[in-house]
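The values are calculated or read from the model by the stated rules, or taken from the named source; none is laboratory data. Computed from a predicted structure; not experimentally measured. Don't worry about glycine lacking a Cβ; one is built from the backbone with ideal geometry, like all the others, and counts go over all protein chains shown. Accessible surface areas use protein heavy atoms only, side chains included; no ligands, DNA or RNA. Shrake-Rupley method; radii C 1.70, N 1.55, O 1.52, S 1.80 Å.
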Amino acid sequence: AFLLLVLAFSFATHAQVLAPAKWRFEVSKTEVKAGGETELVFRATIQDDWYLYSSDFDPNLGPQVTAFAFKPNDTYQLVGKVKPVKPKKKYDDLWGGEYTYFIGQAEFRQTVKILKANPRIE
C-alpha cells in the first residue's frame, strides 16, 4: 500500500497544469454613481487547437459550460445573467443537443447595478 501511495504522489507532482485560455477583465464604464449600471467584460484569448464552451446551453448536455461566480455584497447587484458575445453553435450527435463555444477569442458580459459608492465586485 505504501508503494502505491508513493507512486501516486510521484505522478501527481509531475502533472502539468493546462491553461489553454488567458483571461482579462474590464468594466464598460469606470465612473458610475449609485443607482447606475455598468457592464463587467470578461475576455479570453484561447490557445490554438483549443476551444472554450460558452455559458448559455444546458449544463446537463455533457460539455462543461463556462461558469462565473460572484461574491454577493451590498455594494452591487447583478442584472440578469452573464451573456456570451457571438459564440459559435454546433449540434453534437454524441450529446444529442446543441452547444455554443468559442475559438481564438471569447467575450462574456454581465450587467451590474451599483448600489453604493466604491463598489467591491469579486
Excluding Trp50 itself, what net charge comes from residues whose Cβ is under 14 Å from its Cβ, given Lys and Arg +1 and Asp and Glu -1?
0
For the chain, calculate the relative contact order in percent as a whole number, restricting contacts to Cα pairs under 8 Å that are 6 or more residues apart.
32
Projected onto the charge dipole of the chain (unit charges on the beta-carbon of Lys, Arg, Asp and Glu, signs +1, +1, -1, -1), the Cα from Val65, Val79, Leu94 with the largest positive-side position is that of Val79
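List, in the order given, every pair from Lys33/Lys81; Lys33/Lys90; Lys90/Lys116; Lys90/Lys113; Lys29/Lys71; Lys22/Lys89 whose Cα-Cα distance in the structure shown is over 31 Å. Can you show the working numbers first?
Numbers: Lys33/Lys81 22 Å; Lys33/Lys90 41 Å; Lys90/Lys116 42 Å; Lys90/Lys113 33 Å; Lys29/Lys71 21 Å; Lys22/Lys89 22 Å.
Beyond 31 Å: Lys33/Lys90; Lys90/Lys116; Lys90/Lys113.
Averaged per residue, what accessible area in Å² does the chain show with a 1.4 Å probe, protein chains only? Can you show the working numbers first?
Numbers: 9050 Å² over 122 residues.
Per residue, the chain has an accessible area of 74 Å².
Tell me, what % of the accessible area of the chain is carbon and sulfur with a 1.4 angstrom probe?
Details: 5060 of 9050 Å².
The value for the chain is 56 percent carbon and sulfur by accessible area.
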Under unit Cβ charges (Lys, Arg +1; Asp, Glu -1), what dipole magnitude, rounded to 20 debye, does the chain have relative to its Cα centre?
480
For segment 74-122, which trypsin sites (Lys or Arg not before Pro) are both in a DSSP coil and crowded by at most 16 other Cβ atoms within 10 Å?
Lys116, Arg120
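Largest first, what is the accessible-area ranking of Asp48, Asp56 with a 1.4 Å probe? Show your work: numbers first, answer last.
Working: Asp48 130, Asp56 80 Å².
Result of the area sort, largest leading: Asp48, Asp56.
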With all protein chains in place and a 1.4 Å probe, Ile46 shows an accessible area in Å² (nearest 10) of 10
